[in-house]
Every structure is written in structure tokens, then in C-alpha cells.
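A quick write-up on the structure given underneath.
The values are calculated or read from the model by the stated rules, or taken from the named source; none is laboratory data. All of these numbers come straight from a predicted model, not from anything done at the bench. Quick reminder, even Gly has a Cβ in these numbers, built from the backbone with ideal geometry, and neighbours come from all protein chains shown.
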Amino acid sequence: MIEAALTFAFGCFAVGLLFTLYRVARSDGVPDRVLALDTMVVNVIALMVLYGIYAGTTIYFEAALLFAMTGFVSTIAYAKFMLRGDIIE
């Protein structure tokens, strides 16, 4: 039963990743692209966690945490760049 649920979840997050990739490519403004990239990071983190459950190892959970921290910092840095024009004051 868990294999079917994992397969369904993999499919759902993969479709969500494709939709956000389309939004990055076809978006009108820069803030929409940043939001789509942040959503892509969330989808990739979910896929990494699901694969960690599927494989039964904990290394993917640690990688997902590192990826989450990197995605958060990059989103904040880009938002600060859009507001002020530079990142480091």
C-alpha cells in the first residue's frame, strides 16, 4: 500500500514541478519567476523526502534540509536585491 501512495505522490509532485517550470519559462514579471523558483525548491524538497522514504535511508532527509536552507537564503537575497538594488550593505 505504501508503494502505491509513494508512486502517486511522486507523480503529483513531478507534475507540480513541470507546472512551475512552465511558469518560470513563460512568466511576465521577475517577481512571478522568483515565486515559481521558490515553489520549485519546495517541490524538489518534497521529491527528495519521498525518495528518502522509498529508499529507506536518512541521507536524503539531510540533503533536503540543506537544499531548503539554500533555497530560503537565495529567495531572501533575491527579494532584497529587487527591493534595494544590492544585497550587501
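In a residue-by-residue description of the range 20-28, the property of being among the aliphatic types (A, V, I, L, M), modelled with pLDDT of 90 or more and touching an Asp or Glu at 6+ places or on another chain (Cβ under 9 Å) applies to at least one position.
Residues checked against (1) touching a residue at least 40 places away in the same chain (Cβ under 8 Å); (2) buried (at least 16 other Cβ atoms within 10 Å of the Cβ):
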site: ALA4; (1), (2): no, no
site: LEU18; (1), (2): no, no
site: LEU35; (1), (2): no, yes
site: ILE45; (1), (2): no, yes
site: GLY52; (1), (2): no, yes
site: ALA55; (1), (2): no, no
site: GLY71; (1), (2): no, yes
site: ALA79; (1), (2): yes, no
site: LEU83; (1), (2): no, no
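Condition check ((1) in a loop (DSSP other than H, G, I, E, B); (2) touching a strand residue (DSSP E or B) at 6+ places or on another chain (Cβ under 9 Å); (3) modelled with pLDDT of 90 or more; (4) not charged (D, E, K, R)) across all residues:
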residue	(1), (2), (3), (4)
ILE45	no, no, yes, yes
TYR51	no, no, yes, yes
PHE61	no, no, yes, yes
LEU66	no, no, yes, yes
MET69	no, no, yes, yes
PHE72	no, no, yes, yes
LYS80	no, no, no, no
ASP86	yes, no, no, no
GLU89	yes, no, no, no
